[in-house]
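Undergrad: Let me give you the structure first, and then I'll get to my questions.
Computed from the coordinates by the stated procedures, all read-outs in this text should not be read as laboratory data. Being a predicted model, the structure only gives us computed values, none of them experimental. Cβ coordinates were reconstructed from backbone atoms using ideal geometry, including for glycine residues, and neighbour counts include every protein chain displayed.
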Amino acid sequence: MARRTSLIACKNCGALVPRGTKVCPECGSTQFTENWSGMLVVVDPENSVIARELGIDKPVRKAILIGKKVMI
Amino acid sequence: MDGEADARFYAILVTSGAEVNVATIIAERVRALGLDIRSIIVPPRIKGYVILEAHDPGDVYDATRGLRHVKRRRPLILKFEEVMKLVKPEVEIPALKPGQVVEIVAGAFKGMKAKVIDVNQAKGQVTVSLLEPLFRATATIPIDEVRPLEE
């Protein structure tokens, strides 16, 4: 499901950033990939059940899968 | 706000292929309008659905109003367990055994053949010994970068 979108995923933490980004704003990694699928956006981490279950405590936008690896 | 007890998951039907775009626009709209949508999920491998975590279906209607690519705004209500299965999908990992010959299909060693030395399922990594005449070395690479070869 690697289709062309305007977002690329950080290979280290899975954060989705606009194409052309050189350094991941979340973890500082410089490796990105287009081969991601699934997306999780946490808007309100304090009240989100999903965020609590996954231990996410700040607003994020992440890829769920990179290749076959689960990122969250 | 009542918190988790009242959060529900609403799946809306969107055009196949436009899920990520719809989710991005909804996220912007939620921030701009201050809607009570707590998270937005685009499930991998399932086409045509975007899942919104919200307390009030009214917020779901507001978030999707007039959006292009949203095909049906009347949402499907999902259970938490069902959503967790989508968010944490079971990943089938190719059964690799030490001693097996594999082909490397991605990364720096793409196209080379190698022999498996060790498999680390927890980290999703595999240690291989490269079977190149001029270039014998061991490398640890992600498990999805190798493909078992028929023996």
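Undergrad: For chain B, with the dipole built from +1 on Lys and Arg beta-carbon atoms and -1 on Asp and Glu ones, taken about the Cα centre, which of B:Ile40, B:Ser16, B:Pro89 lies farthest toward the positive end?
TA: B:Ser16
Undergrad: Also: Please tell me the relative contact order of chain A in percent, rounded to the nearest whole number, where contacts are Cα pairs under 8 Å and at least six residues apart.
TA: Across chain A, relative contact order equals 32 percent.
Undergrad: To the nearest 10 degrees, how steep is helix B:19-33 against the longest Cα principal axis of chain B, on a 0 to 90 scale?
TA: On a 0 to 90 degree scale, this one is about 50.
Undergrad: Let me check against my output: what whole-number percent is the relative contact order of the range B:1-114, with C-alpha pairs under 8 Å and at least 6 apart?
TA: In percent, rounded to a whole number, it is 30.
Undergrad: Choose one answer from B:Asp59, B:Asp36, B:Asp118: the residue with the largest mean-square fluctuation in a GNM of chain B with alpha-carbon springs under 10 Å.
TA: Of B:Asp59, B:Asp36, B:Asp118, the Gaussian network model singles out B:Asp118 as fluctuating most.
Undergrad: If chain A were replaced by its equivalent ellipsoid, with semi-axes equal to the square roots of 5 times the Cα gyration tensor eigenvalues, what would those be, largest first, whole Å?
TA: Calculated on Cα positions only, the semi-axes equal 21, 13, 10 Å.
Undergrad: Still on this structure, I have one more. Hand me the trypsin sites (Lys or Arg not before Pro) from the range B:1-90 located in a DSSP loop with no more than 16 other Cβ atoms within 10 Å, in residue order please.
TA: In loop regions of the range B:1-90 (DSSP not H, G, I, E or B), the sparsely surrounded trypsin sites (Lys or Arg not before Pro) are B:Arg45, B:Lys47, B:Arg65, B:Arg68, B:Lys79.
Undergrad: Only helical DSSP H runs with n ≥ 4 go in: add -39500 (n - 2.57) per run for chain B, normalise by residue count and round the 222 nm mean residue ellipticity to 500 deg cm²/dmol.
TA: The helix-only estimate for chain B comes to -6000 deg cm²/dmol at 222 nm.
Undergrad: Right, here's the next one. In the neighborhood of B:Ser129, defined by Cβ-to-Cβ distances under 9 Å, what is the net charge if each Lys or Arg adds +1 and each Asp or Glu adds -1?
TA: Once positives and negatives cancel, what remains is +2.
Undergrad: Using square roots of five times the C-alpha gyration tensor eigenvalues, list the equivalent-ellipsoid semi-axes of the protein assembly as shown in whole Å, biggest first.
TA: With the √(5λ) rule applied to the protein assembly as shown, the semi-axes are 38, 17, 16 Å.
Undergrad: At R0 = 41 Å, how high is the FRET efficiency between B:Arg72 and A:Asp57 if r is their beta carbon distance? Nearest 0.05 is fine.
TA: 0.75
Undergrad: Right, here's the next one. By the scheme Lys and Arg +1, Asp and Glu -1, what is the net charge of all other residues having a beta-carbon under 15 Å from that of A:Gly28?
TA: Within the 15 Å Cβ shell, the charges total +1.
Undergrad: Mind checking Rg over Rh on the range B:101-148, alpha carbons, Kirkwood formula for Rh?
TA: 0.93
Undergrad: So, one more: Calculate the dipole size of chain A relative to its Cα centre from +1 charges on Lys and Arg beta carbons and -1 charges on Asp and Glu beta carbons; express the result in debye to the nearest 20.
TA: 420
Undergrad: Can you give the local net charge around B:Val60? Use residues other than it whose beta-carbon is closer than 13 angstrom to its beta-carbon, Lys and Arg +1, Asp and Glu -1.
TA: +2
Undergrad: Can you compute the charge dipole magnitude of the range B:3-87 about its Cα centre, using +1 on each Lys and Arg Cβ and -1 on each Asp and Glu Cβ, nothing else charged? Give it in debye, rounded to the nearest 20.
TA: That gives the range B:3-87 a dipole magnitude of about 500 debye.
Undergrad: Among A:Lys58/B:Lys47; A:Lys62/B:Lys71; A:Lys68/B:Lys110, which pairs are too far apart, with a Cα-Cα distance over 20 Å?
TA: A:Lys58/B:Lys47; A:Lys62/B:Lys71
Undergrad: Next up: For B:Leu13, B:Leu134, B:Leu33, A:Leu40, what's the fewest-to-most ordering of other Cβ within 10 Å of each Cβ?
TA: Ascending number of Cβ neighbours within 10 Å: B:Leu134, B:Leu33, B:Leu13, A:Leu40.
Undergrad: What list do you get for B:Phe135, B:Phe9, B:Phe109, B:Phe80 if you sort them by fewest beta carbons within 10 Å?
TA: Ascending number of Cβ neighbours within 10 Å: B:Phe135, B:Phe80, B:Phe109, B:Phe9.
Undergrad: Along the range B:70-75, what does the Karplus equation 6.51 cos²θ - 1.76 cosθ + 1.60 (θ = phi - 60°) give for ³J(HN,Hα), rounded to whole Hz, x for Gly and Pro?
TA: Karplus values, whole Hz, x for Gly and Pro: 8, 8, 9, 8, 5, x.
Undergrad: Further, regarding this structure: Only four residue types carry charge here, +1 at the Cβ of Lys and Arg and -1 at the Cβ of Asp and Glu. Report the dipole size of the protein assembly as shown about the Cα centre in Debye, rounded to the nearest 20.
TA: 800
Undergrad: Counting other beta carbons within 10 Å of each Cβ, put B:Glu103, B:Glu81, B:Glu28 in order, fewest first.
TA: B:Glu81, B:Glu28, B:Glu103
Undergrad: Quick one: what are the phi-derived ³J(HN,Hα) couplings along the range B:105-111, Karplus 6.51/-1.76/1.60 with θ = phi - 60°, whole Hz, x for glycine and proline?
TA: Karplus-based 3J(HN,Hα) across the range B:105-111 equals 9, 7, x, 5, 9, 3, x Hz.
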